[in-house]
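For reference, the structure discussed in these notes is given below.
The values are calculated or read from the model by the stated rules, or taken from the named source; none is laboratory data. As the structure is a computational prediction, the values presented were derived from the model and not from experiment. For neighbour counting, all protein chains shown are included, and Cβ atoms are generated from backbone atoms with ideal geometry for every residue, glycine included.
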Amino acid sequence: MQVDTVLLKVASRCNIDCSYCYVYHQGDTNWQRMPKHMSLATVHDVIRQLATLYEDQQHPFAIVLHGGEPLLLPRNILSVLLQELSDRLPAFCCRAIQTNGILIDDDLLDLCLRTNTTLSVSLDGPADINDAFRIGFGGEGTHARAVAGIERVRRHPAGERILTGALCVVDPESEPQRVYEFFKSLAVPSVDFLFKDGNYAKLPPGKAAIDSTEYGKWLATLWDCYIGDPDPPRVRILDDFGRLLLGGASVKEGRGQGTFCIVVIDTDGTITKNDTLKSTYDGADRFERKWSVASDRLSEVAASSAFIESSQIQHPTSTVCQTCSLLSVCGGGMPLTRWHPETGLANPSVYCADYKLVIGHIRETLQWYR
Ligand code: SF4
């Protein structure tokens, strides 16, 4: 398999405490045993392995710094990481940081500019919506600090190049129009929307039953805002559904039938499965064999049967999904949302009814444009 994304978990802790977080609040405990951040030695191993991976596969891959909160990585180590990645990999191996925005400062922005690194900020909409879930350890809201971070980027002379967008976790009880208008007012070039994590043992917050459609209705209304807007930001999930309905491909896992090859590297250098699996059961993202960037070549890990098997779970095994007329668009949803404690992943997504609603709605409106 050719690696297309490398997720670097550079910090295992966070400076805020979002109630829905899959790292800390869904039952996985590995973060407690991880170093708080990558050491300089591990960062050097990561750089060496990524340079080798590019030599081996001669194909670009994206590198995303993730956490926890990735900006908790001490700045001297972050500088080494970003500078070395910039020096040793071609520019089309793009580098991005997914941050909550709170620790953005001008030095960081200068570093991003020097090393051709972009930022995406996690934020769930207007203050009342965001602060219902994205809170500090004392329960206080985080909205003002995140927006201050975004404004700091926009004041920077290269801010437009650095800020690529926002990442919003959907609260189905919120008004999609308000959330859409909020992101328009922030003038971010793109927004991606994620559904909250959940499975058959624990339904996602805001979803009353397996066959309820709160998230589907929310996203369908957002689509109406989007399609009616003459100057919209890019909205990745809606673009993906639209493209897939028109016969194209998605750019993200969890929809469509592509196979995304994602390597995750933890703060101690361990190579893990897709980290979103943490929300199913403790240790679900761990391989039986402990691979590490200290000793294992990433191209060899990606070629191993255990890694290929873990990537293939992107394709649903439930006969309900395999015979579904929407499979080519829906893709069965993210594997974590198919998980049941007794049947594992062999189920449709808990968001099945939501996907049917929103994909049907988008298909109907696209027909008007034919
Ligand atoms: S999750 Fe539902 S809509 Fe999606 S492919 Fe499976 S059965 Fe079809």
Original post:
If a residue has to be within 12 Å of Asn30 (Cβ to Cβ) and modelled with pLDDT of 95 or more to count, how many in region 273-291 make the cut?
Top reply: 0
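Rundown of residues vs (1) modelled with pLDDT under 95; (2) surrounded by fewer than 14 Cβ atoms within 10 Å (Cβ to Cβ); (3) within 9 Å of the ligand (Cβ to nearest atom); (4) under 19 Å from Pro204 (Cβ atoms), yes/no style:
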site: Cys321; (1), (2), (3), (4): no, no, yes, yes
site: Cys324; (1), (2), (3), (4): no, no, yes, no
site: Gly331; (1), (2), (3), (4): no, no, yes, yes
site: Pro348; (1), (2), (3), (4): no, no, yes, yes
site: Tyr351; (1), (2), (3), (4): no, no, yes, yes
site: Ile362; (1), (2), (3), (4): no, no, no, no
Original post:
Restricted to region 296-319, and to residues that are within 26 Å of Arg363 (Cβ to Cβ) and of a type in the set (Ser, Thr, Tyr), which residue is nearest to the ligand (Cβ to nearest atom)?
Top reply: Ser318
Original post:
Counting only residues that are surrounded by fewer than 21 Cβ atoms within 10 Å (Cβ to Cβ), part of a helix (DSSP H, G or I) and of a type in the set (Asp, Glu), how many does region 215-246 have?
Top reply: 2
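Conditions (1) in a loop (DSSP other than H, G, I, E, B); (2) under 25 Å from Glu214 (Cβ atoms); (3) not charged (D, E, K, R), marked per residue:
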residue: Ser120; (1), (2), (3): no, no, yes
residue: Gly125; (1), (2), (3): yes, yes, yes
residue: Asp128; (1), (2), (3): no, yes, no
residue: Phe133; (1), (2), (3): yes, yes, yes
residue: Phe137; (1), (2), (3): yes, no, yes
residue: Arg145; (1), (2), (3): no, no, no
residue: Ala148; (1), (2), (3): no, no, yes
residue: Glu151; (1), (2), (3): no, no, no
residue: Glu160; (1), (2), (3): no, no, no
Original post:
How many residues are more than 30 Å from His143 (Cβ to Cβ), small (Gly, Ala, Ser) and assigned to a helix (DSSP H, G or I) if we restrict to region 46-104?
Top reply: 2
Subject >> Any pair with Cβ under 6 angstrom, 6 or more apart, that starts in region 312-323 at a residue that is β-branched (Val, Ile, Thr) and ends at one that is assigned to a loop (DSSP other than H, G, I, E, B) >> reply: Ile313/Leu345; Thr317/Ala346; Val320/Pro348
Original post:
Restricting attention to region 51-65, and to residues there that are touching a helix residue (DSSP H, G or I) at 6+ places or on another chain (Cβ under 7 Å) and of a type in the set (A, V, I, L, M), which single residue is surrounded by the fewest Cβ atoms within 10 Å (Cβ to Cβ)?
Top reply: Ala51
Subject >> Where Phe182 falls short, out of the listed (1) out of contact with any Phe, Trp or Tyr (no Cβ under 6 Å at 6 or more places or on another chain); (2) assigned to a loop (DSSP other than H, G, I, E, B); (3) closer than 21 Å to Asp124 by Cα >> reply: (2)
Original post:
(1) over 18 Å from Pro126 (Cβ atoms); (2) assigned to a loop (DSSP other than H, G, I, E, B); (3) not basic (Lys, Arg): which one isn't true of Asp171, the others all being true?
Top reply: (1)
Subject >> Meets criteria (part of a loop (DSSP other than H, G, I, E, B), crowded, with 17+ Cβ neighbours inside 10 Å and of a type in the set (Asp, Glu)) for Glu288 >> reply: no
Subject >> Leu277 vs. criteria of a type outside the set (Ser, Thr, Tyr), away from the ligand (no atom under 16 Å from the Cβ) and closer than 24 Å to Asp171 by Cβ >> reply: yes
Original post:
Given the conditions (1) under 26 Å from Ala249 (Cα atoms); (2) buried (at least 16 other Cβ atoms within 10 Å of the Cβ); (3) aliphatic (A, V, I, L, M); (4) in contact (Cβ under 8 Å) with a residue 60 or more places away in the chain, which single one is not true for Val293?
Top reply: (1)
Subject >> Options Glu84, Glu55, Glu69, Glu151; residue that is modelled with pLDDT of 95 or more, of a type in the set (Asp, Glu) and touching a strand residue (DSSP E or B) at 6+ places or on another chain (Cβ under 8 Å) >> reply: Glu69
**OP:** Kindly indicate which of Gly258, Gly216, Gly228, Gly269 is on the phi > 0 side of the Ramachandran plot and of a type outside the set (Asp, Glu).
**Re:** Gly269
Original post:
Among Leu238, Leu219, which is within 16 Å of the ligand (Cβ to nearest atom) and closer than 30 Å to Glu181 by Cβ?
Top reply: Leu219
**OP:** Of all residues in region 20-38, count the ones that are in contact (Cβ under 8 Å) with a residue 40 or more places away in the chain and over 17 Å from the mean Cα position of the chain (by Cα).
**Re:** 9
